[in-house]
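Heads up, the thing below is written out as structure tokens.
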Amino acid sequence: MSTSEPFDTTERSWADRETASGFATRRGPTPIVPGDSIAGRSLSAVVAIMTFLAALAAGAAMLIAGAASDWQSEVGREVTIQVRPAPGRDLEADVAAAAAIMRQAPGIADVRPYTRKESAELVEPWLGSGITLGDLPIPRIIVAKLVPGGAANFADLRKALAAQVPGATLDDHRGWIDRMRTMAETAVAAGMVILALVISVTVLSVSFATRGAMATNRPTIEVLHYVGATDGFVASQFQRHFLVLGLKGGAIGGGAAMALFGILQAADTWLIAGGEQAAALFGSLAIGPAGYIAMFVVIVLMALVTAVASRRTVGHTLENIE
């Protein structure tokens, strides 16, 4: 019994060593910054919220710009002639004369005068049904479509209309198109400003989170420096950690924005009150492939911003660690 005790003790010590070695092998190397922590989850939530707002702004800007472009192309292919009733003149004769002038002009593909019934339907939403146009000085409308790629001489058309039909005016919608273009450019600029603000907030959040992580792991960083680790190695560890957090948060926030636009596109027929009027104003609420690509770019951009901001913060902080 006495001779077996040392043998048993030695056997147990070797077993303990093998067990510990096995656990260490299965566990693998431990990262400098813990991957799953309260601070990391909080930063992922912040990045997700910021990415959602940025992607939402980008998608809305693309939606407005696309709708404005459709409006401009649709309205830019036609001009409108308005013939007002004048004392002592036959309105029907003036409408026929104005339509004849437009049909003879080069660059005009089609001319369609609105009938009395169609004119009544145009003003019915404002004046009500059952009105009598003869009792009101309501102008008649003539719509002329332009030849694709052609250029009509609007100055000559205005002169001819003024000479033969005094109550007729021609509107080529240039002022309206310019306003639509300005609105689209303003929407895109607002989206860029929102994106810049979101990136700034993300950089500040990542900088604070990185400084907190470095303060928590400062003894580990000093030991790594002592054994020969370079600043680049330490910075790469933090950069990898925050890049993963940025990708996770960006995917959640950007995916939520994409899902929101997908739901709006699928449900716009019953979600928006107004029917045809809303469809004419907003289109189908479809941002198209370009919109989804823009939101994907926002996701990648937010992840890169998170990683770069972390690396720069680590570099500045390591300079103060001797």
Once the Cβ-Cβ distance between GLU124 and ALA267 is put in as r, and R0 is 22 Å, what FRET efficiency do you end up with, to the nearest 0.05?
-> 0.15
Set of lysines near LYS145 by C-alpha distance (under 28 Å), chain-local residues within fewer than 8 positions excluded | LYS117, LYS159
Taking the alpha-carbon centre of each part, the distance from region 158-196 to region 206-265 in Å is 48 Å
To the nearest 10 Å², what's ARG174's accessible area with a 1.4 Å probe?
-> 140 Å²
Among all the lysines, which ones have a C-alpha under 16 Å from LYS248's C-alpha, if same-chain residues fewer than 8 places away are not counted?
-> none
Using a 1.4 Å probe, how large is the accessible area of ARG89, given in Å² and rounded to the nearest 10?
-> 100 Å²
Kirkwood-based shape ratio for region 49-188, expressed as Rg/Rh from alpha carbons | 1.11
Treating every alpha carbon of region 110-252 as one equal point scatterer without solvent, the Debye formula yields log10 I(q)/I(0) values at q = 0.13 Å⁻¹ of -0.85
What accessible area, in Å² to the nearest ten, does a 1.4 Å probe give for VAL95?
-> 10 Å²
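The values are calculated or read from the model by the stated rules, or taken from the named source; none is laboratory data. The structure displayed is predicted, hence computed values, not measured ones. In this analysis, Cβ positions are derived from the backbone assuming ideal geometry, glycine residues included, and neighbour counts consider all displayed protein chains. Accessible surface is based on the protein model in full, side chains and every heavy atom, while ligands, DNA and RNA are left aside. Shrake-Rupley method; radii C 1.70, N 1.55, O 1.52, S 1.80 Å.
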